[in-house]
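Engineer: Sharing a structure, written as structure tokens. Questions coming.
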Amino acid sequence: TERTFSMIKPDATKRNLTGKINAKFEDAGLRIVAQKRLHLSKAQAGEFYKVHAERPFYDELCEFMASGPVVAQVLEGENAIAKNREVMGATNPADADEGTIRADFAESVGENSVHGSDAPETAKEEISFFFSGLEIVG
Ligand code: GTP
Ligand code: MG
């Protein structure tokens, strides 16, 4: 069993979609073992997404991530990292498979409702950016 970091983005919290998104995780066999709602500052969003600092959309991305509440989560399950990315769907909702979170809910390539870690090292880093060990209950 594996853990991954997930974040429900401001476009989704604004539209009251937290429960519908969580149902998709749970239906796929992912267990939500930690969860909290936060409103990131632009600086915190920038720190979280610093791997994208050189990308042309970085400033827009940080603005967006600080534009409203997010829900930070730890998901646990068999192959959780890959499974979560499958449930999320492609970055651009236009390319996302039917039934995925981004196909059903995302508004655009930027405002795409969810984030999920892309590898074991980033999962570990992103989980510890938001959660202490005591806050994760498997
Ligand atoms: P994350 O799980 O959020 O990391 O998405 P991803 O791994 O599917 O995509 P990637 O890491 O390549 O990009 C990170 C985030 O930057 C995306 O989820 C989008 O929110 C945003 N992003 C990516 N490409 C674009 C773009 O062309 N324009 C804008 N505005 N945002 C983008
Ligand atoms: Mg990514």
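Engineer: Protein chains only, probe 1.4 Å: how do Arg37, Arg55 rank by accessible area, largest first?
Structural biologist: Values: Arg37 145, Arg55 115 Å².
Largest accessible area first, the residues go Arg37, Arg55.
Engineer: Once fully extended, how much extra length lies between Lys14 and Asp104, figured as 0.36 nm per residue of separation less the alpha-carbon to alpha-carbon distance?
Structural biologist: Working: separation 90, 0.36 × 90 = 32.40 nm, distance 1.55 nm.
Gain in length upon complete extension: 30.9 nm.
Engineer: How charged is the neighbourhood of Ala66? Take every other residue with its Cβ under 12 Å from the Cβ of Ala66, and add Lys/Arg as +1 and Asp/Glu as -1.
Structural biologist: On the way: positive: Lys9, Lys42; negative: Glu47, Asp59, Glu60, Glu63.
Here the charged neighbours net out to -2.
Engineer: Counting only protein heavy atoms and using a 1.4 Å probe, what share of the accessible area of the chain belongs to carbon plus sulfur, as a whole percent? Each step should come with its number before you reach the end.
Structural biologist: Working: 3480 of 7290 Å².
The computed percentage sits at 48.
Engineer: Can you list residues whose amide H is under 5 Å from Val114's amide H, if they're 5+ apart or on another chain and H is modeled 1.01 Å from N?
Structural biologist: Amide H neighbours of Val114, under 5 Å, 5+ apart: Lys9.
Engineer: May I ask you to evaluate 6.51 cos²θ - 1.76 cosθ + 1.60, the Karplus curve with θ = phi - 60°, for each residue of region 48-53 and list the ³J(HN,Hα) values in order in whole Hz, giving x for glycine and proline?
Structural biologist: Once θ is set to phi - 60°, the couplings for region 48-53 become 4, 9, 4, 4, 9, 4 Hz.
Engineer: On to the next question. If you count only protein heavy atoms and use a 1.4 Å probe, how large is the accessible surface of Asp104, to the nearest 10 Å²?
Structural biologist: 80
Engineer: Relative to 2.2 N^0.38 Å, what does the C-alpha radius of gyration of the chain come to as a ratio? Two decimals please. Numbers along the way, then the final one.
Structural biologist: Values: Rg = 13.8 Å, N = 138, 2.2 N^0.38 = 14.3 Å.
Against the compact-globule rule of thumb, the ratio is 0.96.
Engineer: Under the Karplus relation 6.51 cos²θ - 1.76 cosθ + 1.60, θ = phi - 60°, what is the ordered set of whole-Hz ³J(HN,Hα) values for region 12-20, x standing for Gly and Pro?
Structural biologist: Each residue of region 12-20 in turn: 7, 5, 4, 8, 6, 9, 4, x, 5 Hz.
Engineer: Ignoring the sites themselves, what is the longest stretch of the chain with no GluC sites (Glu not before Pro) in a DSSP loop and at most 11 other beta-carbon atoms within 10 Å?
Structural biologist: Details: sites that count: Glu54, Glu78, Glu98.
Value returned for the longest uninterrupted segment is 1-53.
The values are calculated or read from the model by the stated rules, or taken from the named source; none is laboratory data. If you're wondering where the values come from, they're calculated on a predicted model, not measured in any experiment. Note: ideal-geometry Cβ built from the backbone for every residue, glycine included; neighbour counts use all protein chains shown. What goes into the accessible areas is simple: the full protein's heavy atoms, side chains included, and nothing from ligands, DNA or RNA. Shrake-Rupley method; radii C 1.70, N 1.55, O 1.52, S 1.80 Å.
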